[in-house]
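Below is one structure; the comments refer to it alone.
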Amino acid sequence: MDDKASVGKISVSSDSVSTLNSEDFVLVTRLGDETPSTNNGSDDEKTGLKIVGNGSEQQLQQELEDVLMDPSVTELVCGPDHLGGVEHGYPTTAVPPRSGPVPPKLEIVLPIQGAKESELNERSYRDEPSDLSPGTPVPDEDSVVFSKLTYLGCASVNAPRSEVEALRMVSILRSQCQMPLDVTLSVPGVSEGTVRLLDPQTSTEIANYPIYKILFCVRGHDSTPESDCFAFTESHYNSEIFRIHVFRCEIQEAVSRILYSFATAFRRSANKVPLAAKAPPLTPDSDVFSFTVSLEIKEDDGKGTFSAVSKDKDRQSFKLRPGMDKKIVIYVQQTSNKELAIERCFGLLLSPGKNVKNSDMHLLDLESMGKSSDGKSYIITGSWNPNTPQFQAVNEETAKDKFMYMTTAVDLVITEVEEPVRFLLETRVRVCSPNDRLFWPFSKRSYTETFYLKLRPMENKERKSNSDTLYEVVSLESETERERRKTTASPGILSSGSHSSMVPSPPEDDEEEDNDEPLLSGSGDVSKECGEKILETWGDLLSKWHLNLAVRPKPLPALVRSGVPEALRGEVWQLLAGCHNNDHLVEEYRTLITKESPQDSAITRDINRTFPAHDYFKDTGGDGQDSLYKICKAYSVYDEEIGYCQGQSFLAAVLLLHMPEEQAFSVLVKIMFEYGLRELFKQNFEDLHCKFFQLERLMQEYIPDLYAHFLNVGLEAHMYASQWFLTLFTAKFPLYMVFHIIDLLLCEGISVIFNVALALLKTSKDDLLQMDFEGALKFFRVPVPKRYRSEENAKKLMELACSMKISQKKLKKYEKEYHTIREQQEQQEAPIERYERENRRLQEANMRLEQENDDLAHELVSSKIALRKDLDNAEEKSDALNKELLITKQKLVESEDEKRRLEEESAQLKEMCRRELDKSESEIKKNSSIIGEYKQICSQLSERLERQQTANKGELEKIRMKVEGCEKCSILFSKEGRLKVLSAPKEGSEEDTDEEKAVLKNQLREMELELAQTKLQLVEAECKIQDLEHHLGLALNEVQAAKKTWFNRTLSSIKTVTGAQGKESV
């Protein structure tokens, strides 16, 4: 496919694609599976409402209850289950081939054993012949590969189809991603394919996501940082967890192309070749494989183990006890033909009743699957909790003379068989008293059924691999169904090969077979398939429209009459309704859902009956019902005059299928207010009766013969058209037709309902002309909606409706006629009758006003009581505050006294500090003078010492010179002043020398003594200096300590006290 630039502009405001209706499955109907009517013909006996003068408000409401509260709808609303009402793609028991086209099927993947599933997907991707199955992805040449992508990560989401939440997660992952991964994305071209993430270097597969598991795709809005990002949500682990995967595209323009590829993949696949038309043979042959399937039920015996329950000998029914945990054990053994290996079991299902629909089956928790010890049979075990609401019918004690049916199904994937196979077992059960002894040792405890599976080898062109033989399922029939067919089918039919009585006709032709069973609301699938040219045309139109949203493009009406593409309806509907700038309604909606609604019970009751045939809304408490409840509740609070009316939920559900709940609420408000739908509910439905009159006048003009016939049989417009106007055809008609009607309604206005109504009457004229009153009512209720289940019939109807020209001028003329007739009726009415009617109206108004008065009085009394209570609380609080004020004042007076006292003490301390400071300064001066004197003395002593040393040196020098000048002394002394030792002194000289020596010694001793005294005086002076320095240091330390301790502490305490008092005074 070429990359069209216009495709990127298809979705600007709501760049998202939803696969809400893309789950397509093959359903092969069982032989004779015609569910009898649940009302036992009671609906056929209803003759409708004969309202004189177009009826009153009470009669119309009663009619709405008959139309909108169909008992069949109520009975088919089931509780929450894992299947969600999906009709799986496998044949059921006793399946004769269909002559009509078979809807496309979808791959069903086992979510329980993740390793096996991953292995199967990997083998399928490698196209190994031995592992091909119906769910095998298409070859790579059928896929579109996108490179230069970055995977930003995934996260869990609660609302997988909410665009707001998806965009929020895209923004978070884009800003917080720390380790992006470069990938290549492969998007398949058909719904059976698988989206794959590939390594761009090696092209190896990183992950894969089947298309049927992808629920929603969205891209970032333009002019935002996320404009280069897109994401898709997928169901994970059996749809219990939803994850969103976010990608960033290097080429921003390619994001639109990627979303277009996803939209293409969401389309349905082509129809398969119809199954063989011949009935299966009555005896096994080479194409028939027989299986023996046994059912065993085990109960908790209170000893920590499960024991098989017994069976009643007379009725052959299992005897169960209420409230006990149970296990279902299925034994499957092939008994004839070539052995087929059972690859896996992906579903064990259970449901109360007989001939139940696939949508009513409930999935059990699969515990194990394996082969028996002899290797001949497969054993599948699942756990069953009977205390859940969906199994309530088989958890209540049964009367002794009665029993009930229970249906068990096991879904198997058989090697070499294209489709999964379902074995269906219908057994009788009876719930006994807990005190009964049920575990008899020799009673038969299992139920066994034989099934015949007829297969047809596929042609070479149909095979996905030439190295393996694949079979296609022709039929699956149980022994019981075979015996029943033998006894009920006539020999002529069997011999002639006609299968018209055994094979249900196509949906568009089976009105006559199930006339008593009305079509459930929400039925029908809507294909997202659309031609590229149409998408390009819409893309160009939307791009131009977004340039000026206030003006609709001229080609728009013609395109809308042909139908809006399903993938674009969400955006186009919002633009048609004028909700492109609805931020105030979105914010108001978020506020409204938090408020209480007076009509909550009615909303809750109707939610369970809205679109029970649609998977999104059938689960009680599911996402669909929860969103639908919030929208209806929000509107009932938003529009207090009208509130919630029966039928609104159908319109809200249609909108919710195409857009998030905030936008759906905005469009609903626009339709109710700006399109005039709420006017139909006002003034005793006066405007609705006017619409009925206009419809009858249009019938008189366009279909006079049918109008005359309705007059003859007494059939009035309000008896069959009330639902058409109040629900806009959304309640009973197929979704394809409903969506097309909403297209026209939003484009051309509410008058389009007349076109569709006239088209319906015109196409059904031949049938209606042959019916009486009751037959016509029944025809409107059952066959008419079923006739348009096929898209072809619905397209023809809508083409006829669009071709009918009904001018607004003509409708205005009929409206004036209606009001004129009403006035004439009122004038011609007898005064007594008029007064009685007016009296009744006034009485009703009086009762309503009295009720309102009572409510107001009750509210007034309640308000007074609440005010009195609040006043008492206020008075108590005031008293408490007064007491606190008095205490505070007393504390303030005490604080002021304390402040004055502290101020006086502070003044005294200041004076004391001043005196101490003066004293310290005087002491410092005194010490300074002492230090000065000490220094002076030290300097004098130093000078004296130096002079003494100088004098001593002079004396010594003189002595040395005298010694050197004396001959005798020079002999005795050396130049250094030391004594010399004489070797041979003379005796005479020795005496003189001794005397001189003695004199010199005395002189030397005196000099040394004088030197010692001088040194002693020097030492004493140094000691005095050290002592004075010590005293000076002590004095300085005392002064400094006095400054730092006592004075500073005093000042800080004064500051603290004065500061605290200042705060208290403030």
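The values are calculated or read from the model by the stated rules, or taken from the named source; none is laboratory data. Not measured: the values here are computed from a predicted model. Note that we place each Cβ from the backbone using ideal geometry, even for glycine, and neighbour counts take in every protein chain shown. The area values use the complete protein model at the heavy-atom level, side chains included, leaving out ligands, DNA and RNA. Shrake-Rupley method; radii C 1.70, N 1.55, O 1.52, S 1.80 Å.
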(message) Can you pull out every residue in region 306-319 that is hydrophobic (A, V, I, L, M, F, W, C) and either surrounded by 22 or more Cβ atoms within 10 Å (Cβ to Cβ) or more than 19 Å from ASN395 (Cα to Cα) (or both)?
(response) VAL309, PHE318
(message) Let me spell it out: the conditions are (1) open to solvent by less than 90 Å² (accessible area, probe 1.4 Å); (2) in contact (Cβ under 8 Å) with a residue 40 or more places away in the chain, and LYS891 meets all of them except one. Which number is the exception?
(response) (1)
(message) Which pairs turn up if I take residues in region 523-535 that are under 13 Å from SER562 (Cα atoms) and look for partners that are in a loop (DSSP other than H, G, I, E, B) with beta carbon separation below 6 Å, at least 6 apart in sequence or on another chain?
(response) CYS530/PRO565
(message) Of the residues VAL654, VAL667, only one is out of contact with any Ser or Thr (no Cβ under 8 Å at 6 or more places or on another chain) and of a type in the set (Val, Ile, Thr); which?
(response) VAL667
(message) Going by what's in this entry, would LEU1009 be described as among the aliphatic types (A, V, I, L, M), at pLDDT below 85 and open to solvent by 90 Å² or more (accessible area, probe 1.4 Å)?
(response) no
(message) Here is a check on your reading of the model: is GLU234 more than 30 Å from SER527 (Cβ to Cβ) and out of contact with any Pro (no Cβ under 7 Å at 6 or more places or on another chain)?
(response) no
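Return yes when THR480 is modelled with pLDDT of 60 or more, among the polar types (S, T, N, Q) and part of a strand (DSSP E or B) and no when it is not.
No.
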(request) Tell me, please, whether a residue that is outside any helix (DSSP H, G or I) and on the phi < 0 side of the Ramachandran plot can be found in region 792-801. (result) no
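Conditions tested, residue by residue: (1) at pLDDT below 90; (2) touching a Cys at 6+ places or on another chain (Cβ under 9 Å).
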{"residue": "ALA759", "(1), (2)": "no, yes"}
{"residue": "GLN770", "(1), (2)": "no, no"}
{"residue": "ARG781", "(1), (2)": "yes, no"}
{"residue": "GLU799", "(1), (2)": "no, no"}
(message) Of the conditions (1) outside any helix (DSSP H, G or I); (2) under 22 Å from LEU363 (Cα atoms), PHE617 satisfies every one except a single condition; which number is it?
(response) (1)
(request) Please tell me if LEU295 is modelled with pLDDT of 85 or more, in contact with a Leu (Cβ under 9 Å, 6 or more places away or on another chain) and either of a type outside the set (Asp, Glu) or within 30 Å of CYS154 (Cα to Cα) (or both). (result) yes
(request) Sort out which residues of region 732-772 are open to solvent by less than 20 Å² (accessible area, probe 1.4 Å) and over 23 Å from TRP573 (Cα atoms), and write them in order of number. (result) LEU758, ALA759, LEU760, LEU761, SER764, LEU768
(request) With respect to ASN853, determine if the residue is of a type outside the set (A, V, I, L, M) and open to solvent by less than 80 Å² (accessible area, probe 1.4 Å). (result) no
(request) Assess whether MET699 counts as being in contact with a helix residue (DSSP H, G or I) (Cβ under 7 Å, 6 or more places away or on another chain), hydrophobic (A, V, I, L, M, F, W, C) and under 20 Å from ASP525 (Cα atoms). (result) no
(request) Say whether the condition of being closer than 25 Å to LEU758 by Cα and open to solvent by 10 Å² or more (accessible area, probe 1.4 Å) is met by at least one residue in region 653-663. (result) no
(message) Within region 375-415, take every residue that is closer than 22 Å to SER478 by Cβ and over 38 Å from the mean Cα position of the chain (by Cα) and give me the one that is most open to solvent (accessible area, probe 1.4 Å).
(response) LYS376
(request) State the number of residues belonging to region 330-351 that are open to solvent by less than 30 Å² (accessible area, probe 1.4 Å) and more than 15 Å from LEU412 (Cβ to Cβ). (result) 2
